[in-house]
Amino acid sequence: MASEKLFGHPLNRRTSAQPVALSEVSIVADPAVLRHLAMFLTSCADQLESGGKSFGHRHLADFERDKFDLEFDVIVATQEG
């Protein structure tokens, strides 16, 4: 499946207009954060299956916001059209 892509912003430039294409992502986190991330990704997959392109995008920062206050965000978006 060659349509999947990773994008990101440098730590000090999160507000830059264009994200940079990435070939690899490293996650340094404890098991609780990894499980939270896994639950978020599973939720996104379920919503994508049921809603298709109407899914738009979702932010990890908005997912069960009261459980974690992370220094990063993960955004899952539908594929480019």
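Computed from the coordinates by the stated procedures, all read-outs in this text should not be read as laboratory data. Everything numeric here is computed off the predicted structure, so don't read it as measured data. Don't worry about glycine lacking a Cβ; one is built from the backbone with ideal geometry, like all the others, and counts go over all protein chains shown.
If each DSSP helix of 4+ residues adds -39,500 (n - 2.57) and the sum is divided by the residues in the chain, what number results at 222 nm, nearest 500 deg cm²/dmol?
-9000 deg cm²/dmol
Mean separation of Cα pairs under 8 Å and 6+ residues apart, divided by the residue count of the range 8-81: what relative contact order is that in percent?
23
Using 0.36 nm per residue, how much length does the chain from residue 35 to residue 75 gain when fully extended, once their Cα-Cα distance is taken away?
Taking residue 35 through residue 75 to full extension adds about 12.8 nm, to one decimal.
Given (i) 5.6; (ii) 6.4; (iii) 8.8 as candidate values of mean projected area of the Cα convex hull in nm², which corresponds to the one derived from the coordinates?
It is the value labelled (ii).
Filter the trypsin sites (Lys or Arg not before Pro) in the range 52-81 down to the DSSP loop ones having no more than 16 other Cβ atoms within 10 Å, then list what survives.
Passing sites in the range 52-81 are 65, 67.
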